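Novice: I am attaching a structure below and will ask some questions about it afterwards.
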Amino acid sequence: MKFLKDFFEKTEPLVQKGARFHWLNSVHDGFFTFLFVPRSTSQTGSHIHDYIDLKRTMSIVVLSLVPALLFGMYNVGFQHYKAIGELVSTGFFSLFIYGLLKVLPIVVVSYVVGLGIEFAFAQMRGHEINEGFLVSGMLIPLIMPVETPLWMVAIATAFAVVFGKEVFGGTGMNIWNPALIARAFLFFAYPAQMSGNAVWVSMGKTDVPVDSFTGATPLADIAAGNVNFSVADAFFGLIPGSIGETSTVAILLGAAILLITGIGSWKIMVSTVAGGVIMGIILNLFAGSTGLSPESAAFFAMPFWHHLILGGFAFGAIFMATDPVSAAQTEKGKWIYGFLIGILAILIRVINPAYPEGMMLAILLMNTFAPLIDHYVIQGHIKRRLNRAKLSA
Amino acid sequence: MSEVIKLKKGLDIKLKGSAEPVMEVVPVPSSVALKPTDFPGLTPKLVVKQDDVIQVGDVIFYDKYHPEVVFTAPAGGKVASINRGERRRILEVVISTDPGSGSVQFRQADPQNLSAEEIKEQLLKSGLWPFIKRRPYGTIALPQEQPRDIFISTFDTAPLAPDYNFIMEGQLETFQTGIHALARLTHGKIYLGVSKTSVFTNIKQVEIRQFTGPHPAGNAGVQIHHISPVNKGEVVWTVNPQDVLFIGRLFETGKVDFTRIIALTGSEVEQPKYLQTILGTSVTSITERRLKKTGYSQRIISGNVLTGEKVKPQNFLGFYDAQVTVIPEGDEYELLGWATPGVKKFSASRTYLSRLFPRKNYILDANLHGGERAFVLSDQYRKVLPMDILPVHLLKAILANDLDKMEQLGIYEVIEEDMALCEFVCTSKIKVQSILRNGINTVIKELG
């Protein structure tokens, strides 16, 4: 690896300001620091620093997403072969390879487009390249339906990076979760292509589905009044849905990684789930009330804990709500923020007839309100400090 | 036993190279120095010129805005040089020592028989006043002010910090004399923060409070916060235990005696131990022939690894420092360092394997281990700051130059050392201490 270090060290003067390749400075720096932790030492303040840095943090989050990604690939194959009725005759690896070939291009597009823009902005601003997109670039494919055209993935990613992040000043400054911005962009810009029943299961042009095939997600089915999913399938993830969101097991594995390393906030995870459970119970209580259409009544009556294993709830609670930048930043605020996400997600999911999924909108909404929550928590803190001063005076 | 205050938040960084309880008396160094840069916010006015012959206790410079606050020579001899930096700012006044030189005579008296005014005058004239620091701000106490209380922490929890129980051996009576003097200067109390096992528990004229918990439990700022916090408009003073000895000696002997025991520590030290030397001694006198010979570069720190100052062998120790730490510089690239399992890498986070297999102690170098970023994680600082303060929001208020918020969020209660651990644990490598000092300077400038 010495030749690599030598290469980067030798080329360093060439990318400095005023030198010939100055426009490659951020790219050079990005790759160099990716391969080698810089030798820069502390010049002010503390002489020693923790070994953790943003690269370590972000790579752990990416690692925690790997189970969901791998399972998502498998499930894409599974759903495909199930739809064409060849599930029994197809082996595990064929299923996985089919999914891999479907999912990988989406991942590549997301990273290439996102990192490209990230590099360009870093160079324009004269900043170092930020690691934030390493996570966003993985989250975006995982929350896409598998049949999303690649050009849409590219546009959505570009929109998310530019308007979701860079306009605010880059990683650490954004108000909304960039990956969810990408998803919301597609949802509102291309509603015809992004909802309905045709996008969740990968089908070739010549594939003929079996008679019973609808392609609908369980939530869409439930909203239409027919509850016919198996709890085990929903828990293990063998249901149609966005690539990474279906398997509660894979998501729990990721959650374990985030909690063991302490990177994800357990307060947000717990409070989001608590909010979802409580809203689910409340809806259960109103399931028998008059005036509900039969479809709504069925949705209201669905056991509250089914909400946790269906749709994007688990994925959102573990990986999206916990984004430290767009979440509430005070400890008390985190409880409120997560709890309201849980409440809103289930509320939107069940009450809103147009779209039987509420996690994305709930998180984006609470991202918007997180600064307000923090503001009041901080005001409370200040008030307490003032009281202390008055007491001692 | 007195009240015990148990602190949970904080972090003990277990470094290699703590000082053995062995004392070595270092011969008088050939040169010592006083550095105006050791005092934040000070504008020095020089009294001596190069080649002036001086005695121990002669005035070297004074504070332009408080001329009664003078700084005196820790050793007698000749003013060898006055080193200046940018815009002719005085960096250090170097004295080449002469063991035969005399000492300025001050009043020798039991402080219990003196009035507050007499004690104050003696401390000011002898140059011992600058050892008294004030909160808010951590700057030198103002002679005209009445502190609400005085706080002395008798134990240091910083990494590899000296053990004052050991240093105080045979000097407790002098310490008591110093306490008697200080007690005259406040209508309030003198609070002594002590650790679980402490030789200070029999000191009189003080209120004793025991603290347990990880660093920064030994910081005066943290102890003040838990005993009786500083509110807007209030002033308390803090003094280091060894500096109380200076005060005690002054009244017992009528002379200033800046003999100080320092701990020479760190993984790069051949034999970490205690050295008896004098204030402002040259770094060489401490480190020469005492460091390991290595192929890589070393960093010498006057003070501890969290708050100390980087010095070179030709420099001098800081005015308040009772510790010298030597660690590897760490100015080397590390291939994919952020991706390694990290069995040997100490981290307050749980992202390295060292968490599962903790070692007795670690070697940490001065590398930043990553690039500087914007604030991303929100819960790291809080875990290492045992105070009712929102550290990230305080820092953001400083960055936004929002004076009201700085006040409301508690800038009067903290100085750099209290938030040094925040800087250590920071994922984004934010320069917490320098931001905080900038904020304090802004507050001093705007509000006085």
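The values are calculated or read from the model by the stated rules, or taken from the named source; none is laboratory data. Treat the numbers as computed from the prediction; the structure is a model and nothing was measured. Cβ atoms come from the backbone with ideal geometry, glycine included; neighbour counts cover every protein chain shown. Please note that ligands, DNA and RNA were not included when accessible areas were found on the heavy atoms of the full protein model with its side chains. Shrake-Rupley method; radii C 1.70, N 1.55, O 1.52, S 1.80 Å.
Novice: Write down the accessible area per residue of segment A:219-393 in Å², having rolled a 1.4 Å probe over the full set of protein chains. Working shown, then result.
Specialist: Working: 7010 Å² over 175 residues.
On a per-residue basis, segment A:219-393 sits at 40 Å².
Novice: B:K345: which aspartates and glutamates have alpha carbons under 20 Å from its alpha carbon, excluding same-chain residues fewer than 8 sequence positions away?
Specialist: A:D50, A:D53, B:D12, B:E268, B:E329, B:D331, B:E332, B:E334, B:D365, B:E372, B:E423
Novice: Within 10 Å of each Cβ in B:340-349, how many Cβ atoms from other chains are there, averaged over the peptide? Mind showing how you got there, number by number?
Specialist: Details: counts 3, 0, 3, 0, 1, 4, 3, 5, 4, 9.
Mean shielding by partner chains, rounded to a whole number: 3.
Novice: Shifting gears a bit: Would you mind computing Rg(Cα) / (2.2 N^0.38 Å) for segment A:170-221, counting N as its residues? Don't jump to the answer; show the numbers that get you there.
Specialist: Working: Rg = 15.7 Å, N = 52, 2.2 N^0.38 = 9.9 Å.
For segment A:170-221, the normalised Cα radius of gyration comes out at 1.59.
Novice: Using alpha carbons only, what's the Rg to Rh ratio of segment B:3-253 with Rh from Kirkwood? All intermediate terms of the calculation are to be shown ahead of the outcome.
Specialist: Numbers: Rg = 18.9 Å, Rh = 19.5 Å.
When Rh is taken as the Kirkwood radius, the ratio is 0.97.
Novice: Answer with one residue from A:G244, A:V270, A:I318: the one whose Cα lies farthest towards the positive end of the charge dipole of segment A:219-393, charges on Cβ with Lys, Arg +1 and Asp, Glu -1.
Specialist: A:V270
Novice: Based on Cβ point charges of +1 for Lys and Arg and -1 for Asp and Glu, what charge dipole magnitude is obtained for segment B:3-253 about its Cα centre, in debye rounded to the nearest 20? Walk me through the numbers before you get to the answer.
Specialist: Details: 28 positive and 27 negative charges, 193 e Å.
So the magnitude is around 920 debye.
Novice: Which one of B:S378, A:W335, B:L46 has its Cα pushed farthest toward the positive end of the charge dipole of the protein assembly as shown, where Lys and Arg give +1 and Asp and Glu give -1 at the Cβ?
Specialist: B:L46
Novice: Using a Förster distance of 45 Å, how high is the FRET efficiency between B:Q205 and B:T442, based on the Cβ-Cβ distance and rounded to 0.05? Provide the component values of the computation, followed by the final result.
Specialist: Values: r = 38 Å, r/R0 = 0.83.
In this case the efficiency is close to 0.75.
Novice: A:L87: accessible area at probe 1.4 Å, nearest 10 Å²?
Specialist: Only protein atoms counted, so the area is about 50 Å².
Novice: Another question, if that's okay. For labels at B:Q271 and A:L150 in the simple 7 Å Cα→Cβ model, what's the distance in nm?
Specialist: 7.0 nm
Novice: Related question: So how strong a dipole does segment A:54-203 carry about its Cα centre when Lys and Arg Cβ are +1 and Asp and Glu Cβ are -1, to the nearest 20 debye?
Specialist: Details: 7 positive and 6 negative charges, 26 e Å.
Computed charge dipole of segment A:54-203: roughly 120 debye.
Novice: Here is a further query. Per residue, how big is the convex hull of segment A:54-203 when only Cα atoms are used? Give it in Å³. All intermediate terms of the calculation are to be shown ahead of the outcome.
Specialist: On the way: hull volume 14.7 nm³, N = 150.
Spread over its residues, the Cα hull of segment A:54-203 gives 98 Å³ apiece.
Novice: Looking at the calculated P(r) for chain A, what percent of the C-alpha pair distances fall above 39 Å? Present the calculation step by step, with values, prior to reporting the outcome.
Specialist: Working: 18426 of 77028 pairs.
Within chain A, distances greater than 39 Å cover 24 percent of Cα pairs.
Novice: How well do other chains shield peptide A:382-388, expressed as the mean number of their Cβ atoms within 10 Å of each residue Cβ?
Specialist: Going residue by residue through A:382-388 and averaging, the value is 4.
Novice: Okay, moving on. Please compute the average number of Cβ atoms from other chains found within 10 Å of each residue's Cβ in peptide B:126-132.
Specialist: Working: counts 0, 0, 0, 0, 0, 0, 0.
Mean partner shielding for this stretch: 0.
Novice: For segment A:219-393, what value does the Rg/Rh ratio take when both radii are computed over Cα atoms and Rh is the Kirkwood radius, given to two decimals?
Specialist: Details: Rg = 18.3 Å, Rh = 17.1 Å.
Result for segment A:219-393 is an Rg/Rh of 1.07.
Novice: Right, something else. Rule-of-thumb check for chain B: C-alpha Rg over 2.2 N^0.38 Å?
Specialist: Numbers: Rg = 21.5 Å, N = 448, 2.2 N^0.38 = 22.4 Å.
Computed over Cα atoms of chain B, the ratio equals 0.96.
Novice: Dividing the convex hull volume of the alpha carbon atoms of segment B:75-206 by its residue count, what do you get in Å³ per residue?
Specialist: On the way: hull volume 24.3 nm³, N = 132.
Normalising the Cα hull of segment B:75-206 by residue number yields 184 Å³.
Novice: Above 16 Å lies some portion of the pair distances; for segment A:230-308, what is it as a whole percent of all C-alpha pairs? The partial results should precede the final answer.
Specialist: Details: 1937 of 3081 pairs.
That tail contains 63 percent of the Cα-Cα pairs.
Novice: Hey, another quick one. Semi-axes of the equivalent ellipsoid for the protein assembly as shown, please: Cα gyration tensor eigenvalues, times 5, square-rooted, ordered largest first, whole Å. Numbers along the way, then the final one.
Specialist: Working: eigenvalues 758, 175, 95 Å².
Over the Cα atoms of the protein assembly as shown, the ellipsoid semi-axes are 62, 30, 22 Å.
Novice: Further, regarding this structure: Counting residues in segment B:380-447 as N, plug N into 2.2 N^0.38 Å and put the Cα Rg over that result.
Specialist: Numbers: Rg = 10.9 Å, N = 68, 2.2 N^0.38 = 10.9 Å.
The reported ratio for this selection is 1.00.
Novice: With an 8 Å Cα cut-off and a minimum separation of 6 or more residues, compute the relative contact order for segment A:219-393 in percent.
Specialist: Values: 254 pairs, mean separation 43.9, N = 175.
Once normalised by length, the contact order is 25 percent.
Novice: Over chain A, what is the relative contact order in whole percent, taking alpha-carbon pairs under 8 Å and six or more residues apart? All intermediate terms of the calculation are to be shown ahead of the outcome.
Specialist: Details: 595 pairs, mean separation 61.1, N = 393.
Relative contact order, chain A: 16 percent.
Novice: Looking only at the protein assembly as shown, where both bridge partners belong to it, what percent of the DSSP beta bridges are antiparallel (to the nearest 5)? Spell out each step's value before the answer.
Specialist: Numbers: 45 of 66 bridges.
Bridges in the protein assembly as shown are about 70 percent antiparallel.
Novice: Related question: Of all the accessible heavy-atom surface of the protein assembly as shown, with the other protein chains kept in place and a 1.4 Å probe, what percent is carbon and sulfur? Present the calculation step by step, with values, prior to reporting the outcome.
Specialist: Values: 20520 of 34560 Å².
Looking at the protein assembly as shown in its full context, I get 59 percent from C and S.
Novice: Could you size up the charge dipole of the protein assembly as shown around its Cα centre, putting +1 on the beta carbon of Lys and Arg and -1 on that of Asp and Glu, and report it in debye to the nearest 20?
Specialist: Details: 76 positive and 72 negative charges, 108 e Å.
Result for the protein assembly as shown is approximately 520 debye, rounded to the nearest 20.
Novice: Now for a separate question. When the solvent-accessible surface of protein heavy atoms is calculated with a 1.4 angstrom probe, in what order do A:K205, B:K344, B:K310, B:K120 fall, highest first? Before the final figure, lay out each step's value.
Specialist: Numbers: A:K205 210, B:K344 140, B:K310 90, B:K120 35 Å².
Ranking A:K205, B:K344, B:K310, B:K120 by accessible area, largest first, yields A:K205, B:K344, B:K310, B:K120.
Novice: On to the next question. Once the dipole of the protein assembly as shown is set up with Lys and Arg at +1 and Asp and Glu at -1 on Cβ about the Cα centre, which of B:L182, A:L186, B:I430 lies farthest towards its positive end?
Specialist: Ranked along the dipole, the leading option is B:L182.
Novice: Could you sort out which of B:K360/B:K405; A:K5/B:K293; B:K133/B:K310; B:K196/B:K273; A:K17/B:K344; B:K6/B:K293 sit more than 30 Å apart by Cα distance in this structure? Please list the in-between numbers first.
Specialist: Details: B:K360/B:K405 42 Å; A:K5/B:K293 27 Å; B:K133/B:K310 22 Å; B:K196/B:K273 23 Å; A:K17/B:K344 38 Å; B:K6/B:K293 42 Å.
Flagged as over cut-off: B:K360/B:K405; A:K17/B:K344; B:K6/B:K293.
Novice: From Cα pairs below 8 angstrom and at least 6 apart in sequence, can you work out the relative contact order of chain B, rounded to a whole percent?
Specialist: Working: 969 pairs, mean separation 82.8, N = 448.
RCO, chain B: 18 percent.
Novice: Can you list residues from other chains, or at least 5 along the same chain, whose modelled amide H is less than 5 Å from the amide H of B:I208?
Specialist: Amide H to amide H, under 5 Å and 5 or more residues apart or across chains, B:I208 pairs with B:L192.
Novice: Turning to a different aspect of this structure: For segment A:1-107, what ratio Rg/Rh do Cα atoms give with a Kirkwood hydrodynamic radius? If you can, show how the numbers build up before the last one.
Specialist: On the way: Rg = 22.3 Å, Rh = 18.1 Å.
Rounded to two decimals, Rg/Rh equals 1.23.
Novice: Oh, and also: Buried accessible area between A and B (1.4 Å probe, both chains summed, ligands and nucleic acids excluded), in Å² to the nearest 100?
Specialist: When A and B are taken together, about 6000 Å² of accessible area is lost.
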